[in-house]
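**Student:** My questions will all concern the structure given below.
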Amino acid sequence: MSKGENLLTIFSKGQEFLTELKKSDQLAKEIMTENAELKLQIIGLQRQLASKNNFIEPSKLEEENRQLQQNIKRLEHHSSSIEAE
């Protein structure tokens, strides 16, 4: 292999390496962009979850209200029976 062919081979391999390096750089940028988008999605989902955890279904509130009213009636009845004694 002559010196000129050797330099051409080195140059060619350098070009291949540079092409692969540019592809890797582009891939890294795409991954970073997708990572940022996923972080925003996670924040949004965490907010949704937090708001759902703070939300009590109306049916549960109605049931709790009914139980509290029963407790009040029971306590009033108990109080009136003690006063009667």
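The values are calculated or read from the model by the stated rules, or taken from the named source; none is laboratory data. Quick caveat, the model's predicted, so the values are computed rather than measured. All Cβ positions, glycine included, derive from the backbone under ideal geometry; neighbour counts span all protein chains shown. Surface accessibility is based on the protein's heavy atoms, side chains included, excluding ligands, DNA and RNA. Shrake-Rupley method; radii C 1.70, N 1.55, O 1.52, S 1.80 Å.
**Student:** Using only the alpha-carbon atoms, how far is helix 3-53 inclined from the longest principal axis of the chain? Give it as 0 to 90 degrees, nearest 10.
**Tutor:** 10 degrees
**Student:** Given a 1.4 Å probe, how much area per residue of the stretch 1-54 is accessible, in Å²?
**Tutor:** That works out to 97 Å² for each residue.
**Student:** Going by alpha carbons, how many degrees (0 to 90, nearest 10) lie between the helix axis of 58-84 and the longest principal axis of the chain?
**Tutor:** Once rounded, the angle reads 30 degrees.
**Student:** Using Cα-only point scatterers and the Debye equation, what is log10 of I(q)/I(0) for the chain at each q in 0.22, 0.27 Å⁻¹, rounded to two decimals?
**Tutor:** -1.02, -1.14
**Student:** So, one more: For the stretch 1-72, which chymotrypsin sites (Phe, Trp or Tyr not before Pro) are in a loop by DSSP, counting at most 13 other Cβ atoms within 10 Å?
**Tutor:** Filter output for the stretch 1-72: 55.
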